[in-house]
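K.L.:
Dropping the structure in here first, questions after.
Only the coordinates and a few stated rules stand behind these numbers; no lab work does. Because the structure is predicted, anything quoted here is derived from the model rather than measured. Using ideal geometry, Cβ is built from the backbone for each residue, glycine included, and neighbour counts are taken over all protein chains shown.
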Amino acid sequence: MKIVLATNNSHKIKEYRSLFANMPIEVLSLSDVAIKSDIEETGTSYEENAAIKAENIAQLTKFLVIADDSGLEISALGGSPGLNSARFAAQHKSQSEANRAILKSLEKSDNRQARFVCVIALANYHGRLNLFRGECLGRILMRPEGDSGFGYDPIFFSDEANACFAAIGEDEKNRYSHRAKAVEQLLAYLADEKFI
């Protein structure tokens with residue numbers, strides 16, 4: 001079975017391929033199916049953004065399409081960067097600069113609670129849409145740790161994993177991450193519907 005992942009983000013493609021590694025599913029990127037469309041995220045929620053991407057790409061291919069939207073929500077910052085997590089990172093010279101900006105904004109805060117959220121949308125050419133949501137609770141560290149993972153992983157400490165996401169291996173992260181939890185629901189749905 002082949003599923004198109006509505007992205008060309010190499011980190012995200014690698015993570016999804018790892019999450020699907022034990023399933024009879026081949027994860028294809030947009031470039032694998034010669035789609036160059038860049039879908040603008042105009043929604044006001046993770047659900048809307050994921051659905052916009054999945055439904056638009058599903059109209060261009062005969063395969064099932066998955067798209068996700070995710071973000072880091074920090075309590076002391078009113079839930080920011082949240083939906084704007086990718087844009088926040090893009091506003092800085094690098095992801096590490098964005099991470100430093102977050103750490104600086106929390107310097108005087110005792111509240112370091114945070115969560116990662118991921119919503120996956122599954123769509124097909126005929127307009128069918130399903131949504132799956134995963135969350136991972138934790139806190140923002142005082143300084144970056146580890147050298148694996150990507151994005152905000154070096155500053156996020158997962159309560160469930162009892163570790164910083166950038167300081168643990170990919171396999172361990174895939175047991176606890178927000179994306180892994182959403183994928184688990186997606187796989188259960190695909191199995192129930194006899195897709196796999």
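K.L.:
Quick one: net charge around Leu19, please, counting Lys, Arg +1 and Asp, Glu -1 for every other residue with C-beta under 9 Å from its C-beta.
P.N.:
0
K.L.:
Round to a whole angstrom and tell me the spacing of the C-alpha centers of the stretch 154-196 and the stretch 6-58.
P.N.:
Computed from Cα coordinates, the inter-centre distance equals 16 Å.
K.L.:
Would you mind checking which residues have amide H under 5 Å from Ala163's amide H? H placed 1.01 Å from N; only 5 or more apart, or other chain.
P.N.:
The list, which skips near neighbours in sequence, is Ser158.
K.L.:
Residues with beta-carbon under 12 Å from that of Ser158, excluding Ser158: net charge, scoring Lys, Arg +1 and Asp, Glu -1?
P.N.:
-1
K.L.:
Which ordering of Thr7, Thr44 is given by a fewest-first count of other beta-carbon atoms within 10 Å?
P.N.:
Going from least to most buried by this count: Thr44, Thr7.
K.L.:
Using only the alpha carbons of the stretch 2-192, determine the length spanned along each of the three principal axes and report them from longest to shortest in whole angstroms.
P.N.:
Taking the Cα atoms of the stretch 2-192, the three principal extents are 51, 33, 25 Å.
K.L.:
Report, ordered by chain and residue number, the aspartates and glutamates lying within cross-link reach of Lys62, taken as a straight Cα distance under 17 Å and ignoring same-chain residues fewer than 8 apart.
P.N.:
Candidates past the 8-residue exclusion: Glu26, Asp32.
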